[in-house]
Structure formats: structure tokens, C-alpha cells
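The values are calculated or read from the model by the stated rules, or taken from the named source; none is laboratory data. Small disclaimer: the values here were computed from a predicted structure and weren't measured. Cβ placement follows ideal geometry from the backbone for every residue including glycine, while neighbour counts extend to all protein chains displayed. Accessible surface is based on the protein model in full, side chains and every heavy atom, while ligands, DNA and RNA are left aside. Shrake-Rupley method; radii C 1.70, N 1.55, O 1.52, S 1.80 Å.
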Amino acid sequence: TQQWESLQMQLDAHRPDMANLSKPLEMTTPVVLLTGFLGAGKTTLLVDLLTSPPANVTIRAIVNDVGSLPFDPSLIATNAELQVELTNGCVCCQSTENLALSLDHAAANADLVVLEASGVADPYALAQVIEARPAVHLDRIVSVVDAVAIQRLLEDPYTAALAEQQLVAAHVVILAKTDRLPSSEQELVIASISELVPGRPVVCSSTAQPASHALLE
């Protein structure tokens, strides 16, 4: 789409000179950028991914507030002030320092980094930060939307611009909390999203069965 062609041009403009990269692009650590308004369901998806990751995959996640992540205590190997380490090797860290430095730190010895953005973050600006770091590259942007609230957000003049921006920037849209809507209303919401961002996959996710696989596929 034209939106993605424009975004790719912006990202390419911010990527360092390839000749100066410390390692080839294909050897850099992929980053999944997880966006969505506060309460959309980002944390539920991230916790599900970190506690049940694919086999032989080490994941590092950067989030705004580790203290709010409801991990099962039996899964925690160490619990430091700024970091939660799980017994499967996955780690969550607070983004308390410069984001660029946090990305470099998280990328070390990781197969994948998930960056959970704040609810009001600009996905384009964060994508540019990711692409400017030689140790990582942007793998995909995933936008999580609340199935019950998304129409209101898109119609509210105070939130519409950012809600639309988060959708347009996404490779994949996860429609969360679908268990709170009847099937007929789900279809209407999916149709509305598909009309706004044609061609984007829309993956349904419920509270009981989070579609965390969509962060990777």
C-alpha cells in the first residue's frame, strides 16, 4: 500500500550506512513493535508469549511497567527491581533508560525483542528508533485493538487520529477481547478495520485464548 511504501522510505532514511554495520542485517535481532491504546490487551498477549514461547527461542521484552505484569511466581527465576527473568530464559525489562540503549541491551543474546509501546506512542517514531540501531531491525508492527472500544476511539475527535495511525502503521491487527462481543458485532468491527486498512490481516483474540502467535507469524 502507499502508506507502507511511504513508511519504508522513512525507515530507510534513518537506517545507518550499511557499510558501517557491525554485522549484516540478516544477523541483527528482529524487533516486534507492539502498539495499542491503554487497556487494549497488549499486556495479556505479551505475558502469554513470554510464559509459553516457541521452543528454543529466547525473547527479551521492553515494557513500560514490569510491576504490572501478572506473572505466575513459579515461572520467575529472579525478580530484580527493573527486570523479571523467567525460568524459560525470557526476560522483561523496564524502559527506564534511553530507548536506543534499551534496545541494544535487550538484543544481546536474544532471538527476538518485543517492544511494548505506551498507549499514546507514535508507531512511526518508534520504528525509526529501531531501524537506526545497528544491532536490531524492525520485524513487524502489531496493533492491538479492543473489540469493544475501537469504534468509539475511531469516532472520538480526541483519539481518532492516533487510533487510525496505530492501525495504518501495523503489519498485523489483533482484535482483542472478542469474547465480549457477539459474532455479528465482531464481523462489523472487522469489516470497519478492513475498510480502513485493506490487506492487513485481522486476528481475533479472546481473554481466555490470547492470539500471541500473531506476534511471530
**Request:** Quick one: A19 ticks every box in (1) modelled with pLDDT of 65 or more; (2) out of contact with any Gly (no Cβ under 9 Å at 6 or more places or on another chain); (3) of a type outside the set (F, W, Y) except a single one, so which number is it?
**Result:** (1)
**Prompt:** Of the residues I193, I130, which is more than 13 Å from the chain's Cα centre (by Cα), modelled with pLDDT of 85 or more, surrounded by 14 or more Cβ atoms within 10 Å (Cβ to Cβ) and assigned to a helix (DSSP H, G or I)?
**Reply:** I193
**Asked** If you check V145 against the conditions, is it more than 17 Å from T207 (Cα to Cα), β-branched (V, I, T) and open to solvent by less than 40 Å² (accessible area, probe 1.4 Å)?
**Response** no
**Request:** Quick one: count up the residues across region 107-118 that are under 15 Å from the mean Cα position of the chain (by Cα) and modelled with pLDDT of 85 or more.
**Result:** 6
**Request:** From R140, R152, grab the single residue that is open to solvent by 30 Å² or more (accessible area, probe 1.4 Å), of a type in the set (K, R) and part of a strand (DSSP E or B).
**Result:** R140
**Message:** What's the total number of residues in region 107-125 that are more than 25 Å from N88 (Cβ to Cβ) and crowded, with 22+ Cβ neighbours inside 10 Å?
**Reply:** 1
**Message:** Residues to consider are V129, V144, V113; find the one that is of a type outside the set (K, R), touching a Gly at 6+ places or on another chain (Cβ under 6 Å), touching a residue at least 24 places away in the same chain (Cβ under 8 Å) and under 15 Å from L34 (Cα atoms).
**Reply:** V144
**Message:** With the structure loaded, tell me whether L167 is touching a helix residue (DSSP H, G or I) at 6+ places or on another chain (Cβ under 7 Å), assigned to a helix (DSSP H, G or I) and closer than 28 Å to T29 by Cα or whether it fails that test.
**Reply:** yes
**Message:** Given the criterion open to solvent by 10 Å² or more (accessible area, probe 1.4 Å) and among the hydrophobic types (A, V, I, L, M, F, W, C), identify the matching residue among L103, L175, L181.
**Reply:** L181
**Message:** Here is a check on your reading of the model: is T96 at pLDDT below 75, more than 15 Å from the chain's Cα centre (by Cα), part of a strand (DSSP E or B) and over 30 Å from E187 (Cβ atoms)?
**Reply:** no
**Request:** Six or more apart or on different chains, Cβ under 6 Å: which pairs go from a residue in region 199-217 that's among the small types (G, A, S) to one that's in a helix (DSSP H, G or I)? Could you list them?
**Result:** S206/T178; S206/D179; S212/L45; S212/D48; S212/L49
